[in-house]
Amino acid sequence: MSTNLVIQGPAKPADLEQLAGLSGASSMDTLSDHAWRLRNAKRRDGVAGYCETANLDYAFVPAGKKLADFGLVAMDMDSTLITGECIDEIADLMGVRDKVADITAGAMRGDIEFRESLLQRVALLAGLPESELQRVYDQRLTLSPGAETMLAKLKSLGIRTLLVSGGFSFFTDRLQQRLGIDYTLSNAFEIDKGRLTGRVHGAIIGARSKADELVRCARELNLARDRMIAIGDGANDLPMMAAAGVSIAYRAKPVVREQATYSFNHVGLDGLLHLYP
């Protein structure tokens with residue numbers, strides 16, 4: 001099967017000409033004002049280096065593969081579907097943002113085991129009124145660029161969506177209703193007398209749980225691995241991403257980019273729609 005090279009980002013005509021030469025592409029299609037498909041391209045090392053220097057995203061995609069061939073797209077929430085980390089924003093209200101953000105960053109890099117990092121972070125939130133969670137949702141939660149466009153297209157094609165997060169159900173439940181997401185799985189705050197206790201309610205949803213939920217949904221939908229896409233940004237997304245046929249590292253940590261099928265560092269989530277015609 002032949003391969004196409006999809007370029008996304010602020011490419012100049014000279015960039016596209018150079019990349020066509022480097023990859024030996026036979027022709028080029030303009031997909032949008034920031035996306036191009038170079039047909040019959042060859043996987044050559046020079047492409048990656050050039051794109052890194054030019055601040056472009058690239059993907060060698062099998063020709064003929066269509067988005068409609070997939071049946072399930074799974075995604076992380078914090079720093080993937082939304083631009084920030086909900087727990088960091090909650091911590092800001094408690095005056096402990098820096099402490100929580102440092103732990104969050106360590107977990108996403110893989111320096112701290114996720115379960116331990118979550119327990120440490122939630123403990124710092126003890127005493128926060130439950131009502132403040134709605135304030136975070138209303139005032140501080142922002143969807144990542146292209147999120148709504150991507151989800152609308154997936155829905156139009158009948159592709160199911162899964163939001164699986166080490167974050168919290170207060171936010172995933174609202175995003176599910178707002179965006180029409182099919183499945184969600186996330187953690188829950190323990191709340192007593194209207195305030196966070198500083199503990200997690202129930203089993204902790206971590207890296208393994210994310211992957212297991214993806215597999216469970218795929219089994220329910222009778223989907224093979226090559227019909228699943230997983231999108232994430234942190235180390236705790238890696239098992240889920242490995243369970244899918246295609247994985248996308250979105251504005252991700254280096255350890256995630258190294259193991260993903262494709263990386264989006266410069267375009268939004270709707271970059272997925274340009275990979276497959």
Calc'd 3J(HN,Hα), region 231-246, phi into Karplus 6.51 cos²θ - 1.76 cosθ + 1.60 (θ = phi - 60°), Hz, glycine/Pro = x, comes to 10, x, 10, x, 4, 6, 8, 4, x, 4, 5, 5, 7, 9, x, 10
Mind giving me the FRET efficiency for ASP182 and LYS99? R0 is 41 Å, r the Cβ-Cβ distance, nearest 0.05 is fine. 0.70
For helix 114-123, what angle does its Cα long axis make with the longest principal axis of the chain, in degrees from 0 to 90 and rounded to 10? 40 degrees
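Based on the Kirkwood radius over alpha-carbon pairs, what value in µm²/s does the Stokes-Einstein equation return for the translational diffusion coefficient of region 65-277 at 10 °C and 1.306 mPa s?
Translational diffusion coefficient: 92 µm²/s.
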Can you tell me the FRET efficiency between THR149 and LEU119 if r is taken as the Cβ-Cβ distance and R0 is 41 Å, rounded to the nearest 0.05? 0.70
Per residue Cα convex hull volume for region 158-277, in cubic angstrom? 128 Å³
Considering the zone a paramagnetic label at LYS66 would reach in this model (a point 7 Å from Cα along the Cα-to-Cβ line), which residues of region 141-162 have amide N under 17 Å from it? 153-160
Just add up the charged neighbours of HIS266: K/R +1, D/E -1, any other residue whose Cβ is under 13 Å from the Cβ of HIS266. -2
Most mobile listed residue (PRO239, PRO145, PRO13) in the chain, GNM with C-alpha springs under 10 Å: PRO13
What do you get when you divide the Cα radius of gyration of region 1-64 by 2.2 N^0.38 Å, with N the number of residues? 0.96
Measure of compaction for region 131-207 (Cα Rg per 2.2 N^0.38 Å): 1.23
Going 7 Å from the Cα of ARG199 toward and past its Cβ, which residues in region 111-133 have a backbone nitrogen under 19 Å from where you end up? 115-130
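Looking at this model, which pairs from LYS155/LYS210; LYS12/LYS155; LYS65/LYS153; LYS42/LYS210; LYS12/LYS153 are more than 25 angstrom apart at the alpha-carbon?
LYS12/LYS155; LYS42/LYS210; LYS12/LYS153
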Here, ILE191 and ASP111, labelled 7 Å along Cα→Cβ, have an inter-label distance in nm of 3.3 nm
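How high is the relative contact order of the chain, given as a whole-number percent (alpha carbon pairs under 8 Å, six or more residues apart)?
With pairs under 8 Å counted, the relative contact order is 21 percent.
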Under Stokes-Einstein, region 13-104 at 10 °C and 1.306 mPa s, with its Kirkwood radius over C-alpha pairs, diffuses with a coefficient in µm²/s of 95 µm²/s
Measuring from its Cα centre, the chain shows a charge dipole (+1 at each Lys and Arg Cβ, -1 at each Asp and Glu Cβ) which, in debye to the nearest 20, is 700 debye
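Just so you know, all these numbers are worked out from the coordinates, no wet-lab data involved. If you're wondering where the values come from, they're calculated on a predicted model, not measured in any experiment. With ideal geometry, Cβ positions are generated from the backbone for all residues, glycine too; neighbour counts draw on all protein chains shown.
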